[in-house]
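None of the figures in this text is laboratory data; all of them are computed from the coordinates on show. Remember, it's a predicted structure, so these values are computed and weren't measured experimentally. With ideal geometry, Cβ positions are generated from the backbone for all residues, glycine too; neighbour counts draw on all protein chains shown.
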Ligand code: NI
């Protein structure tokens, strides 16, 4: 078990496009995945990308907890167990974009309202080198887009279109209640 430090916004590695993995089933990638899992568990999050622990390779891990997806997308939405995605490619399946709240282990303490495609297809490899080809909607699609952005050197604030909606976690609850009551200004 190795819990690595999570790099924070401003670190140049988070701005760097990550390298393609040549051999997903190698012991090197297995060790990287274990460090990513340990670091994510220690920090508490639903996803992590290899560059966040200082390794500039195209590897992400994410999960979509059932309780969270129901909260975001309503009853009937299905969670996704912990998933390894290597060398991912994302293709939007519709032009529809929705705003949703995101946080990031590399941007601690903040939350932002981020536009993302609502319906995507993602492809890549799993930890054994097998093909992944999945259609995703809603929060599942959001998590995948967020994590894969890390591999392009992009953090969620750069995807935001209205910086009034970048807020501290400690203020987020009152802020969202204000929004619902039409008092966002
Ligand atoms: Ni992140």
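Here are a few things to note about the model shown:
- Being exposed (fewer than 11 other Cβ atoms within 10 Å of the Cβ), more than 14 Å from the ligand (Cβ to nearest atom) and within 21 Å of the chain's Cα centre (by Cα) is a condition met by no residue of the range 178-185.
- Conditions (1) in contact with a strand residue (DSSP E or B) (Cβ under 8 Å, 6 or more places away or on another chain); (2) closer than 20 Å to residue 50 by Cβ; (3) within 16 Å of the ligand (Cβ to nearest atom); number of the one not met by residue 158: (1)
- Odd one out for residue 136 among (1) within 14 Å of the chain's Cα centre (by Cα); (2) within 20 Å of residue 33 (Cβ to Cβ); (3) more than 16 Å from the ligand (Cβ to nearest atom): (2)
- Restricting attention to the range 142-153, the residues that are surrounded by fewer than 22 Cβ atoms within 10 Å (Cβ to Cβ) and near the ligand (Cβ under 10 Å from one of its atoms) total 1.
- Residues (surrounded by 11 or more Cβ atoms within 10 Å (Cβ to Cβ), in a helix (DSSP H, G or I) and out of contact with any helix residue (DSSP H, G or I) (no Cβ under 8 Å at 6 or more places or on another chain)) located in the range 67-83: 70, 71
- Residue match in the range 145-164 (condition: in a strand (DSSP E or B) and either out of contact with any helix residue (DSSP H, G or I) (no Cβ under 6 Å at 6 or more places or on another chain) or without any contact (Cβ under 8 Å) to a residue 60 or more places away in the chain (or both)): no
- Each residue in the range 122-138 was checked for being surrounded by 15 or more Cβ atoms within 10 Å (Cβ to Cβ) and part of a strand (DSSP E or B), and 7 of them qualify.
- Considering residues of the range 1-58 that are assigned to a strand (DSSP E or B) and farther than 16 Å from residue 146 by Cβ only, the residue farthest from the ligand (Cβ to nearest atom): 19
- Selected residue (criterion: surrounded by the most Cβ atoms within 10 Å (Cβ to Cβ)) from residues of the range 95-109 that are within 11 Å of the ligand (Cβ to nearest atom) and under 16 Å from residue 161 (Cα atoms): 102
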